[in-house]
Amino acid sequence: RSRFALDGAGSGVWDWDRDTRRIYFSPQCYRMLGHGATQGDELAVWMARLHPDDRGEFRRILREYLLGKADSFQCEMRLRDADGAYRWVLSRGRVVSRSPSGRPLRAIGTHTDISDRKQAEARIRDALIFNWAILDAAPVGIMSFRAEGGAVSVNEAAARFFGRPAEDLSRLNFRTCEVWQKFGLVEAADRALREKAVVVHSTKLVTTDGRTTWCDLRFVAFSHGGEQRLLLIVSDTTEHHSTVAQLKLLHAALEAAPTGWFVTDANRRIEWVNPAFTRITGYAAAEVIGKKPSLLRSGRHPESFYTNLWRTICEGQIWQGEMCNRRKDGSHYFEKLTIAPVRGADGAITHFVAMAEDVTGQHELEQQLARAQRLESIGLLASGIAHDLNNMLAPIMLSVSLIKARHTDRETGELLDMMQSAAQRGAGVVQQVLTFARGVDGERVHLDVRPLVKELVQLARETFPRGIRVACDVPAEPLYLEGDITQLHQVLLNLAVNARDAMPNGGVLTLRASLVELDVAALRREPHAKPGKYVKLRVEDTGEGIPPETLEHMFEPFFTTKPRGKGSGLGLSTVYGIVRSHGGFVKVTSTLGEGACFDIMIPASTKVRAKVSASPFPQIDALRMAGGGRKILVVDDEKGIRLVTKRVLEAAGFVVELAEDGEAGLAKLASAPSEFSAAIIDLMMPGMSGYKLATAIRSHGWGLPLIVASGMMGDGEAGEERSVLTELRVRTLLRKPFTETELLVALNAELAGVPG
């Protein structure tokens, strides 16, 4: 009993005797393993209960013990219980008796069940392994420090972030680290320790391996074992910072973009617009967010247009096209629109993004170009018709004077006057067509337009209805330009008459003149005009205004909105032709119900002095002269003009030789060049034209005076025609149809000083 006196104290006692070679266990040892008690077991039986993995270690300890190398031993091992399971046992023992040679004779010890402790240790170990696995797998760097600065723990993410092995970082002292001091991390750490709070510090770092990174460093103070510690959590925000920077750049670009951008949700509600959208549409962001783009509809597109648009983008495709929309102020504008769907992570359409480019100016320029091309085509057609009409009217107007000389009774005279008046009106219409088609080849002088404006204002005040108030606004300084005063008078008069007709119930007609300077930007829609100073003549009324559909055609010849018989449709086309021939352009603005404004822009003159024209409407006295039998050559492809011209000249005492074309005329001159005193040549003839005939005459050295006549002054510009004719020493041009007086005056001027 004394051997097992300690039994029941929580540990089992064992006693080993060398002489008996048995080991005796207390009942507690057997209860511990669930085996029945015996008088003693062979050591081999006990060894058989050991876990195979523990036997080697136990034998090593036992060998050292039996050889006398140690007086005591301690070993943790697993023993199999009666159920076959293993329990952890802590075995302690010491030698209590030795032989003279030092061999152990007897040893006693204890067995203590430590299974619960081992399980607890295993749980703690598993927890530690789990925690370290989490720390190492964490996407953020985690380090812990003592308050004095020494590192305690480092995870793999921190090592990757700082570009150093974890072993190196574990030896780091943040208080002596140059990087920490340079980027203000020491101050952030001290603040967290001092205030016992979480401190977040965002900065850009240069790591040990030379990488420049952005990061968020979170410093957390905590206590461990009564000691103050510091936890550092490092988040690499380089990609996030780069993404944010790109988004900021994109946002800044969209804010500064000249094109309008807007974004809608899947239900077509506007969520965002950029400033250009506001500039284009006039709507502020707050006015359109939450609303649908349909508030911009102009009404110019059919419903099918919008149906096709939305069907296209709802099917996931990009829609591109041109659209006419309405601004906040009600005005219309044109835009090139691109709309693209935006898909979410699941592939469903979540938003629509649209880019709108304002192409109103381009659209207007294209319309103007198309209108100019259309006008040019009409002009070419009209000029050809005008040439034929002039050739038809010429013999009528020349014949009237001949018939009057033969029939002097009053009734015939009245009929002839009526015929002459109708022919002159027809010639006037034809002249307007030519003015539109080719510009007018009038005499250009250096003039001040102020007297012209004042004269027209006075005329309007005297002749227009009293319900129309005529205002005048001209500067005190002269406004010089190079122009034909008669043509400019016609321009202002046509516009003033149109303004009068637009104010049947009265209103205000204002004529203004000013000097303006236009740059390339201002002339963007007038490609034919050059930058510089311009004289601006403005005719403004407060009448009914001009509808948009009329603005597109108003300068076309024969286009009129007046009732039949009230207008020929040539007034504005004449204005257009005259202004273009002066190197200028016409700008029209109008609002229905508020009136119209015509701005005539003509390049200002660079000359210092002005040549004053005597009168805008000079009167020509009818001159009679004696031909004296002088011989005149008349070359014209129109038989009627040849015969009537011959009659008129013969009645004035000339001898007339006729030729039906240029070749015939040249042949008659070549047969007797000295017999002819002058030649009257039609410019536009088939075969050898008047130009070629005049050139041939001069190439032969014949210096006789030449008078050219035409119903259409050539194919080039008037200035070019005059230059060619001047080189050929041709001073006189007669426009068909001409009267007897105009013909005789021109011939008299050419023959003055020429011997008969």
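The values are calculated or read from the model by the stated rules, or taken from the named source; none is laboratory data. The structure presented is a predicted model; accordingly, all values stated were derived computationally and were not measured. Please note: Cβ atoms are built from the backbone with ideal geometry, for glycine as well, and neighbour counts cover all protein chains shown. Surface areas here come from the heavy atoms of the whole protein model, side chains and all, with no ligands, DNA or RNA. Shrake-Rupley method; radii C 1.70, N 1.55, O 1.52, S 1.80 Å.
Would you mind stating whether Gly701 is over 56 Å from the mean Cα position of the chain (by Cα) and closer than 14 Å to Ile632 by Cβ? Judged against the criteria, Gly701 is not a match. Candidates are the residues of segment 497-527 that are among the small types (Gly, Ala, Ser) and more than 21 Å from Leu592 (Cβ to Cβ); the one that is surrounded by the fewest Cβ atoms within 10 Å (Cβ to Cβ) is Ala521.
Taking the criterion of being open to solvent by 10 Å² or more (accessible area, probe 1.4 Å) and either among the β-branched types (Val, Ile, Thr) or in a strand (DSSP E or B) (or both), the residues of segment 15-24 that qualify are Trp16, Asp17, Thr20, Arg22, Ile23, Tyr24. Determine whether segment 346-357 contains at least one residue that is under 30 Å from Lys587 (Cβ atoms), over 22 Å from the mean Cα position of the chain (by Cα) and open to solvent by 80 Å² or more (accessible area, probe 1.4 Å). No: zero hits. For segment 660-671, the criterion of being touching a Leu at 6+ places or on another chain (Cβ under 9 Å), part of a strand (DSSP E or B) and hydrophobic (A, V, I, L, M, F, W, C) is satisfied by no residue at all.
Yes or no: Val234 touching a helix residue (DSSP H, G or I) at 6+ places or on another chain (Cβ under 8 Å) and at pLDDT 90 or above? Criteria not met by Val234.
Among the residues of segment 605-626, are any of a type in the set (A, V, I, L, M, F, W, C), surrounded by fewer than 21 Cβ atoms within 10 Å (Cβ to Cβ), at pLDDT 60 or above and in contact with a strand residue (DSSP E or B) (Cβ under 6 Å, 6 or more places away or on another chain)? Among the residues of segment 605-626, not one is of a type in the set (A, V, I, L, M, F, W, C), surrounded by fewer than 21 Cβ atoms within 10 Å (Cβ to Cβ), at pLDDT 60 or above and in contact with a strand residue (DSSP E or B) (Cβ under 6 Å, 6 or more places away or on another chain), which makes the answer no. I want to confirm something. Restricting to segment 662-703 and keeping residues that are under 17 Å from Arg630 (Cα atoms) and of a type in the set (D, E, K, R), which single residue is most open to solvent (accessible area, probe 1.4 Å)? Only one residue fits best here, namely Glu675. The residue of segment 549-604 that is least open to solvent (accessible area, probe 1.4 Å), among those that are at pLDDT below 85 and under 31 Å from the mean Cα position of the chain (by Cα), is Thr550. Beta carbons closer than 9 Å, at least 6 apart along the sequence or on distinct chains, pair a first residue in segment 643-655 that is over 19 Å from Glu675 (Cα atoms) and of a type in the set (Lys, Arg) with a second that is assigned to a helix (DSSP H, G or I) and open to solvent by less than 60 Å² (accessible area, probe 1.4 Å) for Arg647/Leu398; Arg647/Ser399; Arg647/Leu402. In segment 275-286, the residues that are at pLDDT 90 or above reach residues that are basic (Lys, Arg) with C-beta atoms within less than 6 angstrom, at least six apart or across chains, in these pairs: Thr281/Arg327; Gly282/Arg327; Gly282/Lys328; Tyr283/Lys328.
Scanning segment 315-345 for residues that are of a type in the set (A, V, I, L, M), at pLDDT 90 or above and over 17 Å from the mean Cα position of the chain (by Cα) yields a total of 2. Selection of segment 464-478 for residues being open to solvent by 70 Å² or more (accessible area, probe 1.4 Å) and either farther than 21 Å from Glu544 by Cα or assigned to a strand (DSSP E or B) (or both) yields Arg469, Asp473, Ala476, Glu477.
So for segment 722-731 (the condition being acidic (Asp, Glu) and either open to solvent by 10 Å² or more (accessible area, probe 1.4 Å) or modelled with pLDDT under 90 (or both)), does at least one residue qualify? Yes, the conditions are met somewhere in segment 722-731.
Considering segment 78-131, the residues that are under 20 Å from Gly56 (Cβ atoms) and of a type in the set (Lys, Arg) include one that is surrounded by the most Cβ atoms within 10 Å (Cβ to Cβ), namely Arg87. Determine whether Arg63 is of a type in the set (D, E, K, R) and modelled with pLDDT of 85 or more. When the stated conditions are applied, Arg63 does not pass them. Can you say whether Leu511 is assigned to a strand (DSSP E or B), within 12 Å of Asp541 (Cα to Cα), modelled with pLDDT of 90 or more and in contact with a strand residue (DSSP E or B) (Cβ under 7 Å, 6 or more places away or on another chain), as far as the supplied structure shows? In short, yes. When residues in segment 256-278 are screened for being touching a strand residue (DSSP E or B) at 6+ places or on another chain (Cβ under 6 Å) and assigned to a helix (DSSP H, G or I), 2 of them pass.
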